[in-house]
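The values are calculated or read from the model by the stated rules, or taken from the named source; none is laboratory data. No experiment lies behind these values; they were computed from the predicted model shown. Don't worry about glycine lacking a Cβ; one is built from the backbone with ideal geometry, like all the others, and counts go over all protein chains shown. Heads up: the accessible areas ignore ligands, DNA and RNA and are worked out on the full protein's heavy atoms, side chains in. Shrake-Rupley method; radii C 1.70, N 1.55, O 1.52, S 1.80 Å.
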Amino acid sequence: MLSEVIATRYVTPLREGGSLPGIVEADDLGTYVMKFTGAGQGRKTLVAEVVCGRLAQRLGLRVPRLVQMQLDPVIGLAEPDQEVQELLKASGGLNLGMDYLPGSIGFDPLAYRADPVEAGRVVWFDALINNVDRSWRNPNMLVWHGDLWLIDHGATMIWHHNWPTAPAAAAKPYNASDHVLAPVGPDIAAAAAELAPLVTEELLTEVTADVPDEWLVDEPGFDSTDAVRRAYVEALLPRAATIHERITMEAEVRQRSGPPGWLAERLPPQSDKNKQKSGDE
């Protein structure tokens, strides 16, 4: 289960995200990026963040630690921005926090050299969760202490917006032609061989158990929150076994220029550190 903290100070909004997340301090003296239940995308964005973020962590991919975050809207009374005030008022109660990574920078393929093995793991994982939001336009990755970190998984598992069509949607292929790591030549076969056997029914059951009940309650078509959790397991489990066979790329992936020669010579080769766990234990 995710640990729980209490928001003590709203620091500043992050306007790069469509849901207007904010940097918030908490009673454990930590600083977090907070995503709100009152944002336009609703609670399913937070569910996707938990399911995908925890799954990535369990597979050895780097994702900031996730916490449940209690919010009293009164902390936003001094915020001059009316939009932010309204968001905080609409988000009282339980929200989602993820560790703020101070000093991290947005991933830029011109400045960071990802190797095919690491790229293969990321592309395979994005195919599993059907992440349509890791393109070269919007990488949703950070570089922190020289390592690649994955963020922003709210726009994944689109089938959970229409559960009756989930089996058909989850069976669809994944077009990785526009993926920011496609030009690296991701080793999909190696990633599938390593990661697919790890995605078991037991693992998915544990991951979905981390989603708070109140974000799943009253889901149309389900008589309990456990039934909703089971639906996520049933969508992801068969997809993990075969999705590598249905990852497609254009014959000639859009070629984007590499780093200039003077920079390429100074970029260190990326070591394979992906087996390092970054869970919240």
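Structure notes:
- Computed [θ] at 222 nm, helices only, for the chain once each DSSP H run of length n ≥ 4 contributes -39500 (n - 2.57): -8500 deg cm²/dmol
- Computed E for Asp81/Ser135 - FRET, C-beta separation, R0 30 angstrom, nearest 0.05: 0.55
- Placing +1 on the Cβ of every Lys and Arg and -1 on the Cβ of every Asp and Glu, with no other charges, gives the range 120-238 a dipole of roughly 580 debye about its Cα centre.
- Diffusion constant of the chain at 10 °C, which comes from Stokes-Einstein with the Kirkwood Cα-pair radius and 1.306 mPa s, µm²/s: 81
- Charge tally around Val47: other residues with Cβ under 15 Å, Lys/Arg +1 each, Asp/Glu -1 each, net -2.
- Of all the options Thr156, Thr248, Thr205, the one that moves most in a Gaussian network model of the chain with Cα springs shorter than 10 angstrom is Thr248.
- Charge sum, other residues only, whose C-beta stays under 9 Å from Arg121's C-beta, Lys/Arg counted +1 and Asp/Glu -1: -3
- Rh by Kirkwood over Cα pairs, then Stokes-Einstein D for the range 44-94 at 1.306 mPa s and 10 °C, µm²/s: 124
- Neighbour net charge for Leu150 - beta-carbon separation under 9 angstrom, K R +1, D E -1: 0
- The range 160-223 - Rg and Dmax from Cα coordinates, angstrom: 16.1, 45
- Kirkwood-Stokes translational diffusion coefficient of the range 1-156, alpha-carbon pairs, 20 °C, 1.002 mPa s, µm²/s: 133
- Around the amide H of Gly42, modelled in the peptide plane, lies no amide H under 5 Å away from a residue 5 or more places distant or on another chain.
- Restricting the range 1-90 to GluC sites (Glu not before Pro) that sit in a DSSP loop and have at most 14 other Cβ atoms within 10 Å of their own Cβ leaves Glu16.
- The H on the amide N of Ile247, modeled in the peptide plane, is under 5 Å from the matching H of Tyr174, each at least 5 residues off or on a different chain.
- Springs between Cα atoms under 10 Å define the GNM used for the chain, and in it the highest mean-square fluctuation of Pro212, Pro13, Pro164 occurs at Pro164.
- Computed from the C-beta positions of Asp115 and Asn162 and an R0 of 25 Å, the FRET efficiency is 0.10 to the nearest 0.05.
- Accessible surface, 1.4 Å probe, highest first, among residues Ser224, Ser19: Ser224, Ser19
- The dipole here belongs to the range 1-63: it is taken about the Cα centre, uses +1 on the Cβ of Lys and Arg and -1 on the Cβ of Asp and Glu, and is about 300 debye.
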